[in-house]
Amino acid sequence: MYCPRCNTTLEEKNINDLSGSIQVDTCPSCGGTWFDKGELEQIENVVELSIIEIRNIPKKKEQLEKLKCPDCNLHPTLSKHAHQRDKKVIFDYCEICHGIWLDRGELEAIQKDNLLKTISTLFKKMI
Ligand SMILES: [Zn+2]
Ligand SMILES: [Zn+2]
């Protein structure tokens with residue numbers, strides 16, 4: 001699979017969260033991540049995206065650039081959707097395979113938030 005933004009070969013990576021681990025495809029060059037259908041929801045169920053404000057999301061012009069689905073044969077154009085919880089975040093969604101492309105920064109925020117949750121969970125267990 002190739003990066004819809006910069007055409008670099010995507011690398012498989014595991015994301016660990018409280019409910020287990022999921023495998024996603026990330027771009028080593030621009031830092032974006034491709035989630036297959038349902039994978040993002042899996043993460044979002046465990047994570048509050050409350051630190052969405054502080055993350056380093058791409059400039060608006062970059063976000064609005066049209067991207068093609070890396071996972072479908074005919075490479076349909078991904079559609080743009082504003083994130084429910086933060087309209088400044090635009091993600092790219094494939095209406096054919098229901099995959100989602102997240103740019104760099106979004107995933108970092110999710111992971112950072114996850115780490116905080118994991119720490120607080122451990123802390124509660126100790127008390
Ligand atoms: Zn890329
Ligand atoms: Zn697709």
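Any read-out appearing in this document is the output of simple, stated calculations on the displayed coordinates, not a laboratory observation. Predicted, not measured: the structure shown is a model, and the values here were computed from it.
With 22 Å as the limit on Cα-Cα distance, the pairs of Lys13/Lys80; Lys13/Lys61; Lys13/Lys60; Lys60/Lys80; Lys37/Lys61 that go past it are Lys13/Lys80; Lys13/Lys61; Lys13/Lys60; Lys37/Lys61. Computed extension gain for Cys30 through Cys6, at 0.36 nm per residue and net of the alpha carbon distance, reaches 7.9 nm.
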